[in-house]
Amino acid sequence: MRQLVFATNNSHKLEEIRRILGESFAVMSLKEIGCHDDIPENENTLQGNAIAKARWVKERYGYDCFADDTGLEVDALDGAPGVHSARYAPGEGHDSEANMRLLLRNMEGKTDRTARFRTVIALIEGDTLTTFEGVCEGTIAVSPAGEGGFGYDPVFVPEGDSRTFAQLSADEKNAISHRGRATVKLINHLHDV
């Protein structure tokens, strides 16, 4: 079984990735390798942040590693919150509820509700860097619905469905989500190596 570190402290993301990757890989969290660093996310693109996080772990801890960055891009808001999705609302840390409230407030009166989730995964194996992207098109709901998922899931309705990500089962979401699509590309690459 191959060992990889997923450079995240987000337990929801870790659970989702482990579920998608299945039994073929032992995915370790930052906590499991003793990394309690607050890894900077100062780049102005999702790809830049994903690469920076993976490099941080590889350079300081020596593990082959992958990291992701995800953004919600809303057309009526000129692509916002985008790379700032996790820290969209003012204040310290990652407050998903505040982010969602601000998004819905900014969407009041907007007729164009098209949006997409975009994930970029950066993988560093030895000296080799590879990136993978997954996109899920959809729309922003008028109000939150559903108990599952995390982040903006209660207000994102994927294309071809009438339910939000938060109303889908984990397997349903993983089959169509941005992270699921990027992870499939990662898995295919890992199996080819």
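Quick notes
- Within the stretch 138-183, the set of residues being of a type in the set (Val, Ile, Thr), surrounded by fewer than 20 Cβ atoms within 10 Å (Cβ to Cβ) and over 17 Å from Arg113 (Cβ atoms) comprises just one member, Ile176.
- The C-beta contact set for the stretch 158-174 (first residue under 10 Å from Cys136 (Cβ atoms), second residue open to solvent by less than 10 Å² (accessible area, probe 1.4 Å) and part of a loop (DSSP other than H, G, I, E, B), distance under 8 angstrom, 6+ apart or interchain) comprises Pro158/Ser177; Phe165/Ser177.
- Of all residues in the stretch 13-47, those being more than 14 Å from the chain's Cα centre (by Cα) and open to solvent by 20 Å² or more (accessible area, probe 1.4 Å) number 17.
- Set Leu186, Leu103: member being open to solvent by less than 50 Å² (accessible area, probe 1.4 Å), closer than 15 Å to Lys13 by Cβ, part of a helix (DSSP H, G or I) and in contact (Cβ under 8 Å) with a residue 24 or more places away in the chain: Leu186
- Within the stretch 112-133, if we keep just the residues that are part of a loop (DSSP other than H, G, I, E, B) and in contact (Cβ under 8 Å) with a residue 24 or more places away in the chain, the residue that is nearest to Ala54 (Cα to Cα) turns out to be Gly126.
- Criterion applied to Asp64, Asp95, Asp68 was being in contact (Cβ under 8 Å) with a residue 60 or more places away in the chain, within 24 Å of Ala7 (Cβ to Cβ), acidic (Asp, Glu) and open to solvent by 10 Å² or more (accessible area, probe 1.4 Å), and the one residue passing it is Asp64.
- Meets criteria (closer than 30 Å to Gln3 by Cβ, open to solvent by 60 Å² or more (accessible area, probe 1.4 Å) and acidic (Asp, Glu)) for Glu133: yes
- Test: residue in the stretch 75-93 that is of a type in the set (Asp, Glu), within 24 Å of Glu15 (Cβ to Cβ) and modelled with pLDDT under 95: no
- Matching option when the condition is small (Gly, Ala, Ser), at positive phi and touching a strand residue (DSSP E or B) at 6+ places or on another chain (Cβ under 6 Å), among Gly82, Gly109: Gly82
- Of Phe117, Phe132, all but one fail to be under 16 Å from Val74 (Cβ atoms) and in contact with a strand residue (DSSP E or B) (Cβ under 6 Å, 6 or more places away or on another chain); the exception is Phe117.
The values are calculated or read from the model by the stated rules, or taken from the named source; none is laboratory data. Note that the structure is a prediction, hence the values are computed from the model and not measured. Note that we place each Cβ from the backbone using ideal geometry, even for glycine, and neighbour counts take in every protein chain shown. Surface accessibility is based on the protein's heavy atoms, side chains included, excluding ligands, DNA and RNA. Shrake-Rupley method; radii C 1.70, N 1.55, O 1.52, S 1.80 Å.
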